[in-house]
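Below is one structure, written out as structure tokens; comments come after it.
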């Protein structure tokens, strides 16, 4: 039996069904005309008509009085082809033959060997499979996005150590075969940006606009870097700041910049427009929302782990932008699913969920793909640097480089690992003692570096707040670790009264630790735990799968110890969740090097101990 080409189609409208069914009918008629000329003429006059779009039946109906056939809708091109042949056989032998022997012979003459509810490849002759393949090819020529291969290879850069997870591959293929614009609403931590990059690697759009929060601009920039990120194409990338040139293949900017340059952006042709953290534009009257909704592309993707931040009615502006055909006006949405006021919590929500999932929305939860997730997923999130902070970073790096002089063998290995961001070998080095030794022998350098690190952490706070706010919008609790008391206190104060703060240096330290951890674990209103990295021992935290480091320590083991406060990861608890661990740093700073070195060291340890990271 000849192996057929892909038989997967995604028919979105009545016109799609008509076009594909006609391709099948015309190809069948052409073939039979070479064998039975007058039969071909008879069948060529058969019309296709549709009275019950999207009905549940697999098969169609032959209307002899009107010389027409009706075809039901399915997602399988093979199934639709079988239905067309089934009904054409009725037209050949007449209504009186019903499903009798003459009708069966007509089916076989047209290449359908077996009649069943769901057709298989083996139900067709080789010749007919070739005819169906021709019909699909003709249909794909006019509708290239409606015919897809479920096994499409999703390329990734050779420089990426991590592979796509199985559910990410499914998500990328879903986006590729969906001709509509897309609401990518996977839960936080499942790798939505990686899925978008996988889509780009296959679709290869020429001009791309990415709009994202300010603290995510460099994340997207890194993703498009073919030497470090997830992109296989050598795009020229512009990250808009105080100026906008629009000469690059890819433009990345924050939402505030869209307000400034909205008119120029709206006049451009974009093959792909991506809105990351798309709930930022849920308010249709806000300036940034209006500016964004005026920009369009051949493909538009809104990325958000929280499509409904508070109330269902907030979703309408997003889905109206993506799919005006099915969501034309707010009044209809309001009447069926709820509006502001007493109905703000919504109704008919299962129906809303089903309609979205069957058209534009892809949404998976961690609990659904938990078996595919590694126990720990570590990320370095780099922020853009302002001019004042850049001067601090440059001075800090100069001091760090000065440590190289007269370094011992162990110190040189440590410093080299930091400078090269390379994997760190497993050995017997006492990392804590090594740092203590450097602090004592290079006192001035370390004191000045500590002072600079403090000022850098303070400068980072606005971006840290924004990042934590986005993480909390998933309705899950979040754990934050840092170093400086005033920095940690500022974070806790920003999110009062929903935060618990744990600092050291108290005479009743044990009681304060217990009080803070108990509040986070048992109080549903306490959604943020803020603590010093060096205090991460003697307690366990539950209810969160997100750990964020806002400052870095020199010793990798302290980061691992802090990670393990969260629900038993590393302690062997059977209920331990998959953790998303993020390090928030300024681009090209010493903290960036520390974070990458810490992660490399932790990867080495995990591989050596057989852990799944």
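If r is the Cβ-Cβ distance from residue 329 to residue 271 and R0 is 35 Å, what FRET efficiency results, to the nearest 0.05?
0.80
Take the alpha carbon gyration tensor of the stretch 166-371, find the square roots of its eigenvalues, order them as a ≥ b ≥ c, and report rounded if a/c is under 1.5; if not, report prolate when a/b exceeds b/c, else oblate.
Cα axes put the stretch 166-371 in the oblate bin.
Output the antiparallel fraction of DSSP beta bridges having both residues in the chain, as a percent to the nearest 5.
Percentage antiparallel, nearest 5: 10.
Along the Cα-to-Cβ line of residue 35, 7 Å from the Cα, sits a label point; which residues in the stretch 68-100 have backbone N less than 16 Å from it?
Once the point is set 7 Å along Cα→Cβ of residue 35, 82, 85-93 turn out to lie under 16 Å by backbone N, inside the stretch 68-100.
How much length is gained if the chain between residue 444 and residue 159 is pulled fully straight, taking 0.36 nm per residue apart and subtracting their Cα-Cα distance, in nm to one decimal?
That pair, residue 444 and residue 159, stretches by 98.7 nm at full extension.
Taking the Cβ-Cβ separation of residue 152 and residue 507 as r and a Förster radius of 51 Å, what is the calculated FRET efficiency to the nearest 0.05?
Efficiency computed from Cβ-Cβ geometry: 0.20.
How much of the pair distance distribution for the stretch 8-148 lies past 26 Å, counting alpha-carbon pairs only, in percent?
I get 14 percent for the Cα pairs in the stretch 8-148 exceeding 26 Å.
State the extension gain, in nm to one decimal, for the chain segment bounded by residue 246 and residue 310, taking 0.36 nm per residue of separation less the distance between their alpha-carbons.
19.5 nm
When all C-alpha to C-alpha distances in the chain are sorted into bins of 10 Å, what percent of pairs does each bin hold, rounded to whole numbers?
The calculated distribution, bin by bin, is 3, 14, 21, 21, 16, 11, 7, 4, 2, 0, 0.
Give the percent of DSSP beta bridges with both residues in the stretch 8-148 that are antiparallel, rounded to the nearest 5.
DSSP beta bridges in the stretch 8-148 are roughly 70 percent antiparallel.
Please report 324, 299 as a ranked list, fewest other C-beta atoms within 10 angstrom at the top and most at the bottom.
With the sparsest Cβ surroundings first, the list reads 324, 299.
Sequence gap at least 6, Cα distance under 8 Å: using those rules, report the relative contact order of the chain to the nearest whole percent.
In percent, rounded to a whole number, it is 11.
Could you work out how far apart the two model spin labels at residue 404 and residue 466 are, taking each label as a point 7 Å from the Cα in the direction of the beta carbon, and quote it in nm?
3.4 nm
Using the count of nearby Cβ atoms within 10 Å as a rough guide to exposure, how do 454, 141 rank from fewest to most?
Exposure proxy ranking, most exposed first: 141, 454.
At 7 Å along the Cα-to-beta-carbon direction for both residue 473 and residue 228, put a label point, then send me their distance in nm to one decimal.
The two pseudo-label positions are separated by 2.6 nm.
For the stretch 166-371, what's the relative contact order in percent, using C-alpha pairs closer than 8 Å and at least 6 residues apart?
It rounds to 25 percent for the stretch 166-371.
How high is the FRET efficiency from residue 264 to residue 386, r the C-beta distance, R0 30 Å, rounded to 0.05?
0.80
Give the order of 35, 252 when sorted by the count of other beta carbons within 10 angstrom, beginning with the fewest.
So the ranking, lowest neighbour count to highest, is 35, 252.
Read-outs: derived from the displayed coordinates by stated rules, not from any lab. Bear in mind the structure is a predicted one, so any value in this text is a computation, not a measurement. No Cβ is skipped: glycine too gets one built from the backbone with ideal geometry, and neighbour counts run over all protein chains shown.
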